[in-house]
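In what follows, a single structure is set out as structure tokens and then discussed.
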Amino acid sequence: FCNWGHLRRLGLHPLHRRAHRGVQVALSSKALQYGASAGPQWVTEKLKNISLPDISGEMFILVDTLYYTLTGITIENLEIPEPSVEFYPESTGLKTSVSGLGVALRGGWMTTYACYRHDGGSFQIAVVDVAVTSVVRLGREVDGHPLVTSVSCEAHVGDVHMNFEGGARNSWIFQPFVHQLAGRLRGEMEEKICPSLEDSIAKFDYHLLAINISIDVNKDLTLDLSLTDEPVVDVSSLNVGLKGAIYSSKTHAEPPFEPQDFTMAEQPDFMLSLGVSEYTLNSALYAYYSAGLLQVFINESMVPSYSPVHLNTSSVGAFIPQLPEMYPDLLMDLQVYAREVPLVSFQPGLLQLDLQGAVKAFAVQRNGTQIPLFTLNTDSKFSGKVWISGGRVKGSVELNNLTLTLEATEIGQFETGKLEKFAGIGARLAMSKLNRLLGEGVDLPRLKQAELVNTTLEVEKGFVTILTDAQISLPDGMFN
């Protein structure tokens, strides 16, 4: 089914080793700093128009119980200094610290004392000098989903200043209430900040668990982006390995080869580094091959009118003299298919493709019956380049070699030299048209929550590295 020697020459080996990463993703400290600078503004925008839940309670003052409610609480002002975010190898995760947080709240107050003294008005509360430090661990679920968990959290509220308006706020009952309430709110805030933060982290982890790690590339292919192992964290970067295998949606057959280990150089000037090994492309080619999709049937209706050669025995007879004598004035069909799995290899600055194909030729009788004529093996080598310019992915391709050999014949032996020469000319003309399209390029993919900027691409031995910065917009409801 597969030529193992062919696989080995391309640096791919039959299955006998542990799984490796087909795709690698690395985040740099620059990405963390972007998040640290953009995060406060995003949080401020999301919180400035929300209403907070009512706060109700009771406290004993002098001889009886006072019941209170703070209602209609809104955020009047929010000060979020830029946090400190760093990679934290000790916990294989991230450490975030922020100090000097402040929030100003406005709302209404109501009290009931001794069951008959009712009072109310408006209030302003300023919470100042809040400090929070959180450590999260990044990991991998058994099924390959990413995992994030809270490791530790510390919170401190500096002070709470309260200003009440309306009602008997200067009464002998109200003053003890204000004093006790400020202390109570400060204590409750300190107690609730970390549980609230940990709950948000758990909700974020739930969103990660809901991410589909098997993505439909098209109707025939699916891409497996499950994590292969635990993330690797050092003081300056986070590296994540993904399986990066592309499967046939029909057969889901495992490729008979594994990716080779590759190491991306650290790129501190870019937020994100993405490494895609030749294994990923080759697994896609194997998926097409194993599903029987690397074949095409060609008939005369598909040949352009301006072509010097048409699919009939008279026209092809210019290359095979006995053909029109044996089957005069008949149309022809061609079945073109891959004999082996096509394989791509990456070399510095260059992509190479080895394609071993075959062409079966048929004469078509007047009643539609196909008569087998001959089979040609086609062995071709292509090389190409790919780059990113002006936010578009561009490329070029060149035919390096094309060889035709007669594999089988039902019409007797014939020379293939003229056919090979004509096929080479036709292939190079097709390459010329293709290169015009590749030169125009296609836009970089636009992700739902991110736009790639300052993107570059480098072809290295065994893999392609895409280096980029990004502008992120977090979705509504991420932490709800």
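Coordinate-derived values only; no laboratory data. Every value quoted in this text rests on a predicted model; they were computed, and no experiment measured them. Virtual Cβ from ideal backbone geometry, glycine too; neighbours counted across all protein chains shown.
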Worksheet entry | Rounded Å value of the spacing that divides the Cα centres of region 83-151 and region 394-458 | 57 Å
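How do 397-410, 334-347, 281-294 rank on mean C-beta neighbours within 10 Å, highest first?
Working: 397-410: 14.0, 334-347: 18.6, 281-294: 21.2.
Sorting 397-410, 334-347, 281-294 by mean packing, highest first, produces 281-294, 334-347, 397-410.
Which of the GluC sites (Glu not before Pro) across region 134-243 are loop residues per DSSP, with 15 or fewer other Cβ within 10 Å?
Here the GluC sites (Glu not before Pro) that fit, given the DSSP loop and packing criteria, are 141.
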Practice prompt. In nm, give the distance between the simple-model label positions of residue 302 and residue 152, each being 7 Å from the Cα along the Cα-to-Cβ direction.
Written response: 6.6 nm
Discussion item. Output needed for region 50-210: three equivalent-ellipsoid semi-axes, defined as square roots of 5 times the C-alpha gyration tensor eigenvalues, in descending order, whole Å.
Written reply: 39, 16, 13
Worksheet item: In Å, the Kirkwood hydrodynamic radius of region 196-338 over pairs of distinct alpha carbons?
Response: 20.2 Å
Worksheet item: Given 0.36 nm per residue, what is the gain on full extension from residue 54 to residue 406 after removing their alpha carbon distance, in nm?
Response: 118.2 nm
Discussion item. On a straight-distance basis, which lysines could pair with residue 95 in a cross-link, Cα separation under 25 angstrom, same-chain partners fewer than 8 positions away excluded?
Written reply: 30, 46, 192, 203
Worksheet entry | Residue pairs, from the table 250/448; 385/433; 219/250, whose Cα atoms sit over 18 Å apart | 250/448
Discussion item. If I take R0 = 51 Å and measure r between the Cβ atoms of residue 129 and residue 293 in this structure, what FRET efficiency does the formula 1/(1 + (r/R0)^6) give, to the nearest 0.05?
Written reply: 0.20
Item to complete: Counting other Cβ atoms within 10 Å, keep those with at most 13, restrict to DSSP loop, and tell me which trypsin sites (Lys or Arg not before Pro) in region 155-248 are left.
Response: 219
Practice prompt. Pop out the Kirkwood hydrodynamic radius of region 130-231 from its pairwise C-alpha distances, inverse of mean 1/r, in Å to one decimal.
Written response: 17.7 Å
Worksheet item: What is the distance, in nm, between label points placed 7 Å from the Cα along the Cα-to-Cβ direction at residue 200 and at residue 422?
Response: 7.1 nm
Response to the item:
With no solvent term and unit scatterers on the alpha-carbon positions of the chain, Debye gives log₁₀ I(q)/I(0) at q = 0.07, 0.11 Å⁻¹ of -0.59, -1.00
Worksheet item: Could you give the Stokes-Einstein D for region 214-467 in µm² per second, using the C-alpha Kirkwood radius, 20 °C, 1.002 mPa s?
Response: 101 µm²/s
Worksheet item: If each of residue 207 and residue 413 carries a label point 7 Å out from its Cα toward its Cβ, how far apart are those two points in nm?
Response: 7.1 nm
Item to complete: Select from region 188-276 those chymotrypsin sites (Phe, Trp or Tyr not before Pro) which occupy a DSSP coil region and have at most 14 other Cβ atoms within 10 Å, ordered by residue number.
Response: none
Item to complete: Return, for the Cα atoms of region 21-134, the radius of gyration and Dmax in Å, separated by a comma.
Response: 21.1, 73
